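Report on the structure given below.
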Amino acid sequence: MDKVLFFKSFLRSPLQVASLIPSSPFLVNHIARHVNQLAPLRVAELGAGTGVLTRALVDECPSIQSLLVFENEKNLKNHLRNIFPRLPVYADAFALHEAMQEQGIGQLDCIISALPVSWFSAEQNEYLMELVYRCLKPGGAFIMFQFSLQMRKYLRMTFQDIKIKYVPLNFLPAFVYYCYKM
């Protein structure tokens, strides 16, 4: 069901979805293990798709007390609201700060992004990095997965501590950026 919904959403909005199928279990488990080791209390997921990573965060990361979920594609957003009725699901990741205020969250421990930033303008990518940095607490983690190394330049302008892991068992193979706010 999730794969069909995701594929239909891709066909309707390829610039919003940017992949044919949801993230693989290999990629999801790779990220969820790392998040669980961080033991964050307040987390935001930007570009949640069908919720495969959201499900792993809910099921495998018991430290998370607040999880804000963002998905802009209408059908995927409605799907997330149906399968995670207790989680706040927002449309616009660029309204992250406003969502945090609405939920009474000062700063986040971790932000995870699967946003299709390759379609974003340079200004949008720069603003996204500023927003993420501003919303993270000192020592907080920003985890982003992409299918290219295009974001290194923006991440290096914002974060001093960056590690990149390659996860080949995904369609498409993914680069996972682990960035930490000093």
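The values are calculated or read from the model by the stated rules, or taken from the named source; none is laboratory data. Owing to the predicted nature of the structure, the values given are computational and were not obtained by experimental measurement. Positions of Cβ are backbone-derived with ideal geometry, glycine not excepted, and every protein chain shown enters the neighbour counts. The area values use the complete protein model at the heavy-atom level, side chains included, leaving out ligands, DNA and RNA. Shrake-Rupley method; radii C 1.70, N 1.55, O 1.52, S 1.80 Å.
Here are the numbers:
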{"read-out": "Extreme residue, farthest from residue 135 (Cα to Cα), among residues of region 93-103 that are crowded, with 18+ Cβ neighbours inside 10 Å and over 13 Å from the mean Cα position of the chain (by Cα)", "value": "99"}
{"read-out": "Qualifying residue in region 24-46 (condition: of a type in the set (D, E, K, R) and open to solvent by less than 10 Å² (accessible area, probe 1.4 Å))", "value": "yes"}
{"read-out": "Criterion: modelled with pLDDT of 95 or more, among the polar types (S, T, N, Q) and either closer than 14 Å to residue 46 by Cβ or open to solvent by 30 Å² or more (accessible area, probe 1.4 Å) (or both) - qualifying residue of 160, 124, 150", "value": "124"}
{"read-out": "Residue within region 165-178 that is without any contact (Cβ under 8 Å) to a residue 60 or more places away in the chain and closer than 20 Å to residue 57 by Cα present", "value": "yes"}
{"read-out": "Complete set of residues in region 52-78 that are part of a helix (DSSP H, G or I), at pLDDT below 95 and not polar (S, T, N, Q)", "value": "74, 76"}
{"read-out": "Failed condition for residue 118, given (1) modelled with pLDDT of 95 or more; (2) in a helix (DSSP H, G or I)", "value": "(1)"}
{"read-out": "Breaking point among (1) in a strand (DSSP E or B); (2) surrounded by fewer than 12 Cβ atoms within 10 Å (Cβ to Cβ), for residue 106", "value": "(1)"}
{"read-out": "Tabulated pairs, region 103-122, first under 11 Å from residue 66 (Cα atoms), second β-branched (Val, Ile, Thr), C-beta under 8 angstrom, 6+ apart or interchain", "value": "108/43; 109/43; 110/35; 110/43; 110/143"}
{"read-out": "Pair list, Cβ < 8 Å and 6+ apart or interchain, from region 50-62 residues that are closer than 16 Å to residue 78 by Cβ to residues that are among the charged types (D, E, K, R) and crowded, with 20+ Cβ neighbours inside 10 Å", "value": "54/45"}
{"read-out": "Any hit, region 27-41, residues being of a type in the set (A, V, I, L, M, F, W, C), modelled with pLDDT of 95 or more and not in a helix (DSSP H, G or I)", "value": "yes"}
{"read-out": "Pairs, first at negative phi and part of a strand (DSSP E or B) in region 125-154, second of a type outside the set (S, T, N, Q) and open to solvent by 80 Å² or more (accessible area, probe 1.4 Å), C-beta under 9 Å, six or more apart", "value": "138/182"}
{"read-out": "Filter result for the condition that a residue is of a type outside the set (Gly, Ala, Ser), in contact with a strand residue (DSSP E or B) (Cβ under 7 Å, 6 or more places away or on another chain) and open to solvent by less than 10 Å² (accessible area, probe 1.4 Å), over 90, 177, 166", "value": "177"}
